[in-house]
């Protein structure tokens, strides 16, 4: 079996199933050429026992056999280190037609290894493999920005995508429907999970590989970039015995990372902590994690109901998507559970308005909410090449800062991005969060109960906590990021 590449089996309609002492049992579909049978016999060096199956059964067996062997491809990555050069591996590839004729999977596996290794080295969050009319493009998302890293021959697309599908245990024959899978492996000694998503497009299929570095799942709250006052507020909220904390922000703003860090902070092995997620991004030791599956009607609401029958102390719900899930969460918080979840709104206080619009009664919100927070991710300036400059009056106005003193004493230095070898000439390296954490006190609780408008709630909240824009201004003044970067992520606030 190991001697026959997937491409040969698929192309020729011949699939070795079982090797006996004297012969090999082979499934075949109609239309097989005698020359292909002869070639298979030559490769295996044994007599063949042929069993005819229909096309549907052949595809099913093909998936089953090569999905079992996908572990072999993952094992091939165990020894991969950081010395693998992506451009060199790509340049050494044979022509796509030659690869198809030789039926050799090894060069494609080497290319995938090199892509994953380079992505980890550059701390990319995603790899995009995209097929266009006359091009095959590979892009990395680094610090939230996509960058083209490779343009292999377009004929390589079917081989590359098929091999990724095999490794992720996906249906290699299904090219009309989107599919999702997962690969677990070690790269340069680091355990990494790869979430795979395929999508049919006009020119074939595109694939996105989301890299989930398992070490990132062990973040604690002190690594999130909060100032001491903001961190203290969040610590007080998550150490409350019951109530709801909502983390808000757009997709990709780090909400899940914050929730995982919060769970890690309260994971003292004396409480039953349970989650329902879509999907599970990182596994946390000591936390019981459940993944939803809409195909079998395992929704957030259904998963949350089931969890509440498991005697939990703390519940994390990946996302509040509807009023039903929120109402169950409220009832859980009112019966002595701490509930953590996320919501898609632009601001922290905006979560209250959003929940009212979903039909949640103000008195229920007032009695259950203990905290709301909003966050965004900003890129960090490369410390090797950032360039200082004197802030103008317009810059200070955007930051909400006033000059103090006169002359040189009133000069405020900000920094801009330049670019160097250390940051791949991007000017930025890494990301950090900016936050707005609001602790619901007695006055704010009463205002929510009374149906007070969002602007009044916001005005009161600002008396005790800085806004996300103000937190961003702090990072700009510290030289961590640029004014343009903070404005980019907060201008819709």
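Considering only the range 340-352, I want to know if a residue exists there that is assigned by TED's automatic domain parsing to the domain that holds residue 463, over 26 Å from the mean Cα position of the chain (by Cα) and under 19 Å from residue 275 (Cα atoms).
No, the range 340-352 contains no residue that is assigned by TED's automatic domain parsing to the domain that holds residue 463, over 26 Å from the mean Cα position of the chain (by Cα) and under 19 Å from residue 275 (Cα atoms).
Okay, residues lined up against (1) under 21 Å from the mean Cα position of the chain (by Cα); (2) over 27 Å from residue 474 (Cα atoms):
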position: 153; (1), (2): no, yes
position: 160; (1), (2): no, yes
position: 164; (1), (2): yes, yes
position: 207; (1), (2): yes, yes
position: 212; (1), (2): yes, yes
position: 220; (1), (2): yes, no
position: 228; (1), (2): no, no
position: 231; (1), (2): no, no
position: 234; (1), (2): no, no
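Which fully enclosed strands (runs of 3 or more DSSP E) of the range 103-154 have 2 or more residues being buried (at least 21 other Cβ atoms within 10 Å of the Cβ) and touching a helix residue (DSSP H, G or I) at 6+ places or on another chain (Cβ under 8 Å)?
Fully inside the range 103-154 and qualifying: 124-131, 136-142.
Residues that are buried (at least 18 other Cβ atoms within 10 Å of the Cβ) and either in the same structural domain as residue 112 (by TED's automatic domain parsing) or without any contact (Cβ under 8 Å) to a residue 40 or more places away in the chain (or both): list the strands (runs of 3 or more DSSP E) wholly contained in the range 175-270 that include at least 2 such residues. I'd like the intermediate steps shown before the answer.
Details: elements: 179-187, 190-201, 204-213, 243-248.
Per the criteria, 179-187, 190-201, 204-213.
How many residues, within the range 35-60, are over 36 Å from the mean Cα position of the chain (by Cα), surrounded by 14 or more Cβ atoms within 10 Å (Cβ to Cβ) and without any contact (Cβ under 8 Å) to a residue 24 or more places away in the chain?
Total meeting the criteria: 2.
If you scan the range 434-463, which residues turn out to be in contact with a strand residue (DSSP E or B) (Cβ under 7 Å, 6 or more places away or on another chain) and at positive phi?
Those that are in contact with a strand residue (DSSP E or B) (Cβ under 7 Å, 6 or more places away or on another chain) and at positive phi: none in the range 434-463.
Check residue 341 against each of (1) more than 24 Å from residue 453 (Cα to Cα); (2) in contact with a strand residue (DSSP E or B) (Cβ under 6 Å, 6 or more places away or on another chain) and name the one condition it does not meet.
Among (1) more than 24 Å from residue 453 (Cα to Cα); (2) in contact with a strand residue (DSSP E or B) (Cβ under 6 Å, 6 or more places away or on another chain), residue 341 violates only (1).
Listed here are the residues, each with its yes/no results for (1) modelled with pLDDT under 95; (2) closer than 30 Å to residue 379 by Cβ.
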{"residue": "155", "(1), (2)": "yes, no"}
{"residue": "172", "(1), (2)": "yes, no"}
{"residue": "197", "(1), (2)": "no, yes"}
{"residue": "202", "(1), (2)": "yes, no"}
{"residue": "230", "(1), (2)": "no, yes"}
{"residue": "238", "(1), (2)": "no, yes"}
{"residue": "243", "(1), (2)": "no, no"}
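Taking the conditions exactly as written (touching a helix residue (DSSP H, G or I) at 6+ places or on another chain (Cβ under 7 Å), part of a helix (DSSP H, G or I) and either in the same structural domain as residue 267 (by TED's automatic domain parsing) or closer than 18 Å to residue 280 by Cβ (or both)), does residue 326 satisfy them or not?
On the way: touching a helix residue (DSSP H, G or I) at 6+ places or on another chain (Cβ under 7 Å): yes; part of a helix (DSSP H, G or I): yes; either in the same structural domain as residue 267 (by TED's automatic domain parsing) or closer than 18 Å to residue 280 by Cβ (or both): yes.
Judged against the criteria, residue 326 is a match.
Determine whether the range 356-364 contains at least one residue that is touching a strand residue (DSSP E or B) at 6+ places or on another chain (Cβ under 8 Å) and in contact (Cβ under 8 Å) with a residue 24 or more places away in the chain.
Pass one, the range 356-364, residues touching a strand residue (DSSP E or B) at 6+ places or on another chain (Cβ under 8 Å): none.
No, because not a single residue in the range 356-364 is touching a strand residue (DSSP E or B) at 6+ places or on another chain (Cβ under 8 Å) and in contact (Cβ under 8 Å) with a residue 24 or more places away in the chain.
From the set of residues in the range 393-413 that are modelled with pLDDT of 90 or more and loosely packed, with under 12 Cβ neighbours inside 10 Å, which is nearest to residue 329 (Cα to Cα)?
Residues of the range 393-413 modelled with pLDDT of 90 or more: 393-399, 412-413.
Then keep just the ones that are loosely packed, with under 12 Cβ neighbours inside 10 Å; that gives 393-394, 397, 413.
Details: 393: 47, 394: 45, 397: 42, 413: 47 Å.
Ranking the qualifying residues of the range 393-413, first place goes to 397.
Could you tell me whether the range 318-329 includes any residue that is surrounded by fewer than 21 Cβ atoms within 10 Å (Cβ to Cβ), closer than 30 Å to residue 141 by Cβ and either modelled with pLDDT of 95 or more or out of contact with any strand residue (DSSP E or B) (no Cβ under 6 Å at 6 or more places or on another chain) (or both)?
Yes, the conditions are met somewhere in the range 318-329.
Any idea how many residues of the range 474-493 are touching a residue at least 40 places away in the same chain (Cβ under 8 Å) and either outside any helix (DSSP H, G or I) or closer than 17 Å to residue 231 by Cα (or both)?
Final tally of qualifying residues: 8.
Looking at this structure, is residue 312 within 23 Å of residue 431 (Cβ to Cβ) and assigned to a loop (DSSP other than H, G, I, E, B)?
No; evaluated as a whole, the condition is false for this residue.
Return the residues of the range 275-296 that are part of a loop (DSSP other than H, G, I, E, B) and without any contact (Cβ under 8 Å) to a residue 40 or more places away in the chain; say none if nothing qualifies. Even if it seems obvious, please write down each step before you answer.
Let us first name the residues in the range 275-296 that are part of a loop (DSSP other than H, G, I, E, B), namely 278-286, 292.
Within the range 275-296, 280, 285, 286, 292 meet the criteria.
Filter the range 2-34 down to residues that are part of a loop (DSSP other than H, G, I, E, B) and either without any contact (Cβ under 8 Å) to a residue 40 or more places away in the chain or over 19 Å from residue 173 (Cβ atoms) (or both), then give me how many there are.
Let us first name the residues in the range 2-34 that are part of a loop (DSSP other than H, G, I, E, B), namely 2-5, 13, 20-23, 29-33.
Add one more test, that the residue is either without any contact (Cβ under 8 Å) to a residue 40 or more places away in the chain or over 19 Å from residue 173 (Cβ atoms) (or both), and what stays is 2-3, 20-23, 29-33.
Of the residues in that region, 11 qualify.
Going by the conditions given, is residue 345 modelled with pLDDT of 95 or more, in contact with a helix residue (DSSP H, G or I) (Cβ under 6 Å, 6 or more places away or on another chain), more than 16 Å from residue 368 (Cβ to Cβ) and not in a helix (DSSP H, G or I)?
On the way: modelled with pLDDT of 95 or more: no; in contact with a helix residue (DSSP H, G or I) (Cβ under 6 Å, 6 or more places away or on another chain): yes; more than 16 Å from residue 368 (Cβ to Cβ): yes; not in a helix (DSSP H, G or I): yes.
It is false that residue 345 is modelled with pLDDT of 95 or more, in contact with a helix residue (DSSP H, G or I) (Cβ under 6 Å, 6 or more places away or on another chain), more than 16 Å from residue 368 (Cβ to Cβ) and not in a helix (DSSP H, G or I).
The values are calculated or read from the model by the stated rules, or taken from the named source; none is laboratory data. Nothing here was measured: the structure is a model prediction, and the numbers come from that model. So basically every Cβ, Gly included, is an ideal-geometry build from the backbone, and we count neighbours across all protein chains shown.
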